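The values are calculated or read from the model by the stated rules, or taken from the named source; none is laboratory data. These numbers were taken from a predicted model, which means no experiment stands behind them. Backbone-built Cβ (ideal geometry, glycine too); neighbour counts: all protein chains shown. The accessibility values were calculated without ligands, DNA or RNA, using every heavy atom of the protein model including side chains. Shrake-Rupley method; radii C 1.70, N 1.55, O 1.52, S 1.80 Å.
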Amino acid sequence: MTVTTPPNTYAAPGSPEAKVQFKPRYDHYIGGEYVAPASGQYFDNPSPVNGKVFTEVARGNAADIDRAVEAAWRAFDSWKKTTITQRAIILNKIADRMEENLEMLAVAETWDNGKPIREALAADVPLAIDHFRYFAGAIRAQEGSTGEIDNDTVAYHFHEPLGVVGQIIPWNFPLLMAVWKLAPALAAGNCVVLKPAEQTPASIHVFMELIQDLLPAGVLNIVNGFGVEAGAPLASHPNIRKIAFTGETTTGRLIMQMASENLIPVTLELGGKSPNVFFADVADEKDDFYSKALEGFTFFNLNSGEVCTCPSRALVQKSIYDGFVADGLERVKAVKQGNPLSMDTMIGAQASNDQLEKILSYMDIGKQEGAKLLLGGDRADLGGDLTEGYYVNPTVFEGRNSMRIFQEEIFGPVLSLTSFNDYDDGIKIANDTLYGLGAGVWSRNGAQLYKAGRDIQAGRVWSNTYHQYPAGAAFGGYKQSGIGRENHKMMLDHYQQTKNLLVSYADGPMGFF
Amino acid sequence: MPDMTVASGDTTALSRVDVTPEAAAFLVELTQKHGPLMFHQSGGCCDGSSPMCYPVGFFRVGAVDVHLGDLRIGGSNRSRCTCLEVNSSIGSTRT
């Protein structure tokens, strides 16, 4: 085996040395083959890296969704009969294939989404690979149960797949968010109709082409398109048995409304405005732990801030505020912005022009509502070929938690910073939000760390760490941040029915009649 | 450029609804295709913090939603747009 050193800058797709070449057009993937959209229409897909169109993608509608759901049900007849051993082997093979092509998938993800290649190489793709392996293991170890109701009566509980499920994927981690939903669904024996985000429709097809020989035809189907045209027909389809969605709150409600018509379960992951709470003892010493906390402060730049759990509100205890914030700002200034395909780049492009404009408008809102701009606050022009790309400078505002930039999710590298007096004040501000997805707590005092983690109303409280996403830790929201969980073996429950066989071994009648 | 009328839901309050000439022209196009439209101010991740646009009735409005106002573009009832958002106190611990 030869160990290769990654190049400093990966070649852009389209150039001869690139690790991935996109096709000029992607159709839907239905029933094990690529098929043209019913409408005959395609939409352009630009790369956020340079703002230029690099492929066109099928524009799906209800007819395409119907076709995919039918293909999935045809596949389900045999897929549900595969043993868990067979399914686990397939999931592990998918993981192995991805690992062998890690750079290819990472470059595809960066080109489609704009994220820095070092994040795609170190986080997105390795986490996706591990997710398949985790659920390959989890399904092997899962068991039903037997209950002895009385001497002659036994309750057996079996796990069964739901059938055909719909999954609607966001654009911030196009591959990883797809795999978060796919791995447990496939492990549990379901067939899937998946709709990628229209902003990032391409990398999932690089993945699909890479692994298509490993999955039976129809087990995984991909229909591209827009929310109202393709997402709504999928979510409201009478022949799906579950719908999973990651995105914004209005569409989350709409998906629940549609699911209510068919009485099917939903899981929703709808974002947040995550507090990152720094208690005074963090600054007791200027040691490695202090440096780690400053990294935690700077983590709002990960994935250009386009993360549902972006630590977009920093709450710093008043007694250390000036010094800690000064050191934190120095750390933010060291975030290197540049070509997302360069290994030196720490922050890349925003995923779309819409997103860029929304972030810029929130910068304007922050200034207008009287927040103090400490850093950034504008678009970045990286010049040359990147001048049309969607770049913004890491931005820090100081203000009050009641301001819009503290309450509304911006989904960009924009930090809203404020102080708190004591423990109760810190927790009160942390919880003063519509959302409850992620949170961070930093303290050298284990008891304080534990207590704060329990008092913050969020599904995931990173304690003395942030932005880690291991497959074995449950992830999901309190309050307006959603319903259900992703990751962890408990996720299998969201993709399974419980079959109870209640069996009588008694010799005679019960005696009623 | 089409005529635009903004009818606020509450005439005593500052209007939260406005439209640029470019957006108005596009809305006329959309309403010709889909009929009257509604906007619902979303929150949360990805496309959150942006108004979602649907044909009227596509999204079920609930008790938590606040009517911000209506747009009548070109004076036609067909090109009516209803604008809503969620009551900002929902789920918040703020008092």
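Some observations on this one:
- Residue match in segment A:263-280 (condition: over 23 Å from residue A:451 (Cβ atoms) and among the basic types (Lys, Arg)): no
- Checklist (1) in a helix (DSSP H, G or I); (2) buried (at least 24 other Cβ atoms within 10 Å of the Cβ) applied to residue A:104, failing item: (2)
- Any hit, segment A:290-298, residues being more than 14 Å from chain B (Cβ to nearest Cβ), more than 23 Å from the chain's Cα centre (by Cα) and in a loop (DSSP other than H, G, I, E, B): no
- Picking from residues in segment A:414-429 that are within 12 Å of chain B (Cβ to nearest Cβ) and farther than 26 Å from residue A:348 by Cα, the one that is most open to solvent (accessible area, probe 1.4 Å) is A:428.
- Any hit, segment A:469-476, residues being over 22 Å from the mean Cα position of the chain (by Cα) and under 25 Å from residue A:331 (Cα atoms): no
- Flag if residue A:97 is open to solvent by 10 Å² or more (accessible area, probe 1.4 Å) and more than 23 Å from the chain's Cα centre (by Cα): no
- Candidates in segment A:299-325 are the residues that are touching a helix residue (DSSP H, G or I) at 6+ places or on another chain (Cβ under 6 Å) and part of a helix (DSSP H, G or I); of these, the one that is surrounded by the fewest Cβ atoms within 10 Å (Cβ to Cβ) is A:319.
- Some residue of segment A:185-194 being modelled with pLDDT of 95 or more, under 23 Å from residue A:495 (Cβ atoms) and open to solvent by 10 Å² or more (accessible area, probe 1.4 Å): no
- For residue A:261, the criteria (1) at pLDDT 95 or above; (2) at the interface with chain B (Cβ under 10 Å from one of its Cβ atoms); (3) part of a helix (DSSP H, G or I); (4) open to solvent by 10 Å² or more (accessible area, probe 1.4 Å) hold in every case but one, which is (2).
- Scanning segment A:471-502 for residues that are more than 18 Å from residue B:45 (Cβ to Cβ), open to solvent by 40 Å² or more (accessible area, probe 1.4 Å) and among the hydrophobic types (A, V, I, L, M, F, W, C) returns A:490, A:501, A:502.
- Residue within segment A:224-244 that is more than 14 Å from chain B (Cβ to nearest Cβ) and among the hydroxyl-bearing types (Ser, Thr, Tyr) present: no
- Restricting segment A:367-413 to residues that are among the hydroxyl-bearing types (Ser, Thr, Tyr) and buried (at least 18 other Cβ atoms within 10 Å of the Cβ), the residue that is farthest from the other protein chains (Cβ to nearest Cβ): A:391
- Going through (1) open to solvent by 10 Å² or more (accessible area, probe 1.4 Å); (2) more than 23 Å from residue A:121 (Cα to Cα) one by one, residue A:220 falls short only on (1).
- Subset of segment A:23-45 (residues that are without any contact (Cβ under 8 Å) to a residue 12 or more places away in the chain and either buried (at least 22 other Cβ atoms within 10 Å of the Cβ) or not in a loop (DSSP other than H, G, I, E, B) (or both)): A:34
- Residue list for segment B:22-78, restricted to those being part of a helix (DSSP H, G or I) and open to solvent by 20 Å² or more (accessible area, probe 1.4 Å): B:22, B:23, B:25, B:26, B:28, B:29, B:30, B:32, B:33, B:34
- Checking each residue in segment A:52-101 for being in a strand (DSSP E or B), β-branched (Val, Ile, Thr) and closer than 18 Å to residue A:221 by Cα picks out only A:57.
- The sole residue among A:251, A:200 that is hydroxyl-bearing (Ser, Thr, Tyr), open to solvent by less than 20 Å² (accessible area, probe 1.4 Å) and within 21 Å of the chain's Cα centre (by Cα) is A:200.
- The set of residues in segment B:25-76 that are more than 13 Å from chain A (Cβ to nearest Cβ) and at positive phi comprises B:35, B:69, B:74, B:75.
- Matching residues, segment A:233-247, being under 14 Å from residue A:258 (Cα atoms) and open to solvent by less than 10 Å² (accessible area, probe 1.4 Å): A:234, A:235, A:240, A:242, A:243, A:244
- Scanning segment A:1-12 for residues that are open to solvent by 20 Å² or more (accessible area, probe 1.4 Å) and at pLDDT 95 or above, we see that the one that is nearest to residue A:64 (Cα to Cα) is A:12.
- Looking across segment B:30-62 at every residue that is of a type in the set (D, E, K, R) and at pLDDT below 90, the one that is nearest to residue A:248 (Cα to Cα) is identified as B:47.
- Yes/no for residue A:118 being open to solvent by 10 Å² or more (accessible area, probe 1.4 Å), among the basic types (Lys, Arg), more than 30 Å from residue A:337 (Cα to Cα) and modelled with pLDDT of 95 or more: no
- Subset of segment A:163-181 [among the hydrophobic types (A, V, I, L, M, F, W, C) and closer than 16 Å to residue A:68 by Cβ]: A:164, A:165, A:168, A:169, A:178
- For first residues located in segment A:494-513 and assigned to a loop (DSSP other than H, G, I, E, B), partners that are not β-branched (Val, Ile, Thr) and lie 6+ apart or on another chain with Cβ distances below 6 Å form the pairs A:505/A:152; A:506/A:152.
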